[in-house]
Amino acid sequence: MFTGIIEELGTVAAIDELGDSARLEIRAATVTSDAAHGDSISVNGVCLTVVDNADGVFTADVMGESLRRSTLGALRPGSAVNLERAATVATRLGGHIVQGHVDGVGQILSREAGDQWETVTFALPEGLGRYVVEKGSITVDGISLTVMAVTDDTFSVGLIPTTLKLTTLGAKGVGERVNLEVDIMAKYVEKLLGKAAQS
């Protein structure tokens, strides 16, 4: 489990493509400081398992399912990535409960700069709009964000200077793709209500 509060920007050091999977090597100072084999680290919102950690670089395997359902397959050496270690029982929940399971890939439709912040609008993949509500939470590339506005197929968020400076969203342009994870509570509520209606 994660909170959607990015700890640092890492850099893809190497990618080893293995047919229907890939092995990523990611250079990072903070998340590697105590990472051990088997630990979970969110990479652009995708929960990956640490295979190795040495000299400030951790290695993680990405199976084909994750490559197909996220933007990780588009990463290249030198790509910046948002990183967060798994939460502990002592972690402050500064964002919201994030699983690191990508529900779909969205696309940046527009960016509108203000004096100190930006409004960014994203396209929602078909079927995800029902889980997104105004003032609710959504995870974009691993970042916990509050929804400012929503339609059936778009949503908008406001990015403060800290988010613009310390995450990949500060540099991504119109047309670029992002990993989306909707609030898990919305999916559970839908399933429970559906079962109640059938009984």
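The values are calculated or read from the model by the stated rules, or taken from the named source; none is laboratory data. Predicted model only: the values in this text are computed from it and were never measured. Neighbour counts run over all protein chains shown; Cβ positions are idealised from the backbone, glycine included. Quick note on the areas: whole protein, heavy atoms, side chains included, nothing else; ligands and nucleic acids left out. Shrake-Rupley method; radii C 1.70, N 1.55, O 1.52, S 1.80 Å.
At a glance:
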{"quantity": "Segment 63-101 - residue that is in contact with a Gly (Cβ under 8 Å, 6 or more places away or on another chain) and β-branched (Val, Ile, Thr) and, of those, farthest from Leu124 (Cα to Cα)", "calculated": "Val81"}
{"quantity": "From Leu169, Leu159, residue being closer than 16 Å to Val105 by Cα, touching a strand residue (DSSP E or B) at 6+ places or on another chain (Cβ under 7 Å) and open to solvent by less than 30 Å² (accessible area, probe 1.4 Å)", "calculated": "Leu169"}
{"quantity": "Checklist (1) in a strand (DSSP E or B); (2) closer than 19 Å to Ile5 by Cβ applied to Arg23, failing item", "calculated": "(2)"}
{"quantity": "In segment 170-196, residue nearest to Phe122 (Cα to Cα) [restricted to those that are in a helix (DSSP H, G or I) and basic (Lys, Arg)]", "calculated": "Lys187"}
{"quantity": "Residues that are outside any strand (DSSP E or B) and either in contact with a helix residue (DSSP H, G or I) (Cβ under 9 Å, 6 or more places away or on another chain) or touching a residue at least 40 places away in the same chain (Cβ under 8 Å) (or both), drawn from segment 142-169", "calculated": "Gly142, Thr151, Asp152, Asp153, Ile160, Pro161, Thr163, Leu164, Leu166, Thr167, Thr168, Leu169"}
{"quantity": "Residue within segment 115-126 that is on the phi < 0 side of the Ramachandran plot, in contact with a helix residue (DSSP H, G or I) (Cβ under 6 Å, 6 or more places away or on another chain), open to solvent by less than 20 Å² (accessible area, probe 1.4 Å) and not small (Gly, Ala, Ser) present", "calculated": "no"}
{"quantity": "Answer from Ala35, Ala54, Ala74 - the residue that is aliphatic (A, V, I, L, M) and surrounded by 15 or more Cβ atoms within 10 Å (Cβ to Cβ)", "calculated": "Ala35"}
{"quantity": "Residue satisfying condition, being of a type outside the set (Gly, Ala, Ser) and open to solvent by less than 70 Å² (accessible area, probe 1.4 Å), within set Leu180, Leu193", "calculated": "Leu180"}
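So that you can scan it fast, the table gives a plain yes or no per residue for (1) modelled with pLDDT of 95 or more; (2) among the hydroxyl-bearing types (Ser, Thr, Tyr); (3) within 28 Å of Glu190 (Cα to Cα); (4) part of a strand (DSSP E or B):
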{"site": "Pro77", "(1), (2), (3), (4)": "yes, no, no, no"}
{"site": "Leu83", "(1), (2), (3), (4)": "yes, no, no, yes"}
{"site": "Glu112", "(1), (2), (3), (4)": "yes, no, no, yes"}
{"site": "Asp115", "(1), (2), (3), (4)": "no, no, no, no"}
{"site": "Val120", "(1), (2), (3), (4)": "yes, no, yes, yes"}
{"site": "Glu126", "(1), (2), (3), (4)": "no, no, yes, no"}
{"site": "Arg130", "(1), (2), (3), (4)": "no, no, yes, no"}
{"site": "Thr139", "(1), (2), (3), (4)": "yes, yes, yes, yes"}
